[in-house]
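The values are calculated or read from the model by the stated rules, or taken from the named source; none is laboratory data. Here the structure is a predicted model, which means the values were calculated and not measured. Here the Cβ positions follow ideal geometry from the backbone for every residue, glycine too, while neighbour counts run over all protein chains shown.
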Amino acid sequence: MRTLFKAGVLLLALSTCSNARAAGGAHIVDDSEVETPGYCHVELWITRFVPGNGYANAAPACTFKQIPFLEVGFAHQDYWSEENNAPILGPTVKVNLRPEASGLGLGITAATGVNVSTGDLNFATVVGLMTVPVNEALRVNLNAGWSYVQGDMPDAFFYGAQVEVQIRQDLTFLIEGFGRAPGIGGIQTGFRYSPKDWPLDFDLLAARFLGEDQPYFFTVGVTVRF
């Protein structure tokens, strides 16, 4: 059960920095772009572990027209198991340094979360973001940065890569690999459905950390933009 708790908290911490495009949301790897200036979004998702642990996420964020390169928000997350409960709250920020439309997107994102039950710092991350638009249907996102997660191995280098393939106008396939040195890695894959003319995205994902006795993670999410 302790292994499940550590894996769950790590996945929770790594999936906090996000936005409402194809990357982001419940995905671990993010892209370089911020929300459309003048708009906000709320990301909602729930992840269940085998054999039954889980966590839920609610994360609103906005980008204002006056500062079109900056996205600010916060995330509330709640991890639960038979032995532990960890309600976590903290701010998120994302800066677009170079737009994807220029041919190479660059950005940086940061987040932190405090366990509201204990007052302890649960996690903190600072990650550099790169988006490579290969063509209209394919882009690659690369991440690298620093990750703090409360526990036995608090400070570590984080890295990840993601491939997005737009199957049709309203459906995107994503697969990503990620790691946290030393020796922790995982993979996640799934689909994002974006109905035409709807301000919604729907995610269906499956993930697993690599190694023996690691749990599977299954995620259902929705992003609402306004």
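The C-beta contact set for the range 53-65 (first residue touching a residue at least 12 places away in the same chain (Cβ under 8 Å), second residue of a type in the set (Ser, Thr, Tyr) and part of a loop (DSSP other than H, G, I, E, B), distance under 6 angstrom, 6+ apart or interchain) comprises Asn53/Ser81.
For the range 41-55, a residue qualifies if it is part of a strand (DSSP E or B) and either surrounded by fewer than 15 Cβ atoms within 10 Å (Cβ to Cβ) or not charged (D, E, K, R) (or both), and the qualifying residues are His41, Val42, Leu44, Trp45, Ile46, Thr47, Phe49, Gly54, Tyr55. Listed by first and then second residue, the pairs with beta-carbon distance under 6 Å, at least 6 apart or on different chains, first residue in the range 146-159 and farther than 9 Å from Arg180 by Cα, second at pLDDT 80 or above and among the acidic types (Asp, Glu), are Tyr148/Asp155.
Scanning the range 56-85 for residues that are under 18 Å from Thr118 (Cα atoms) and assigned to a strand (DSSP E or B) yields Ala75, His76, Gln77, Asp78, Tyr79, Trp80, Asn85. In the range 198-208, the count of residues that are charged (D, E, K, R) and under 21 Å from Trp80 (Cα atoms) is one or more. Being closer than 19 Å to Trp45 by Cβ, touching a Pro at 6+ places or on another chain (Cβ under 9 Å) and among the hydrophobic types (A, V, I, L, M, F, W, C) is a description that does not apply to Phe191.
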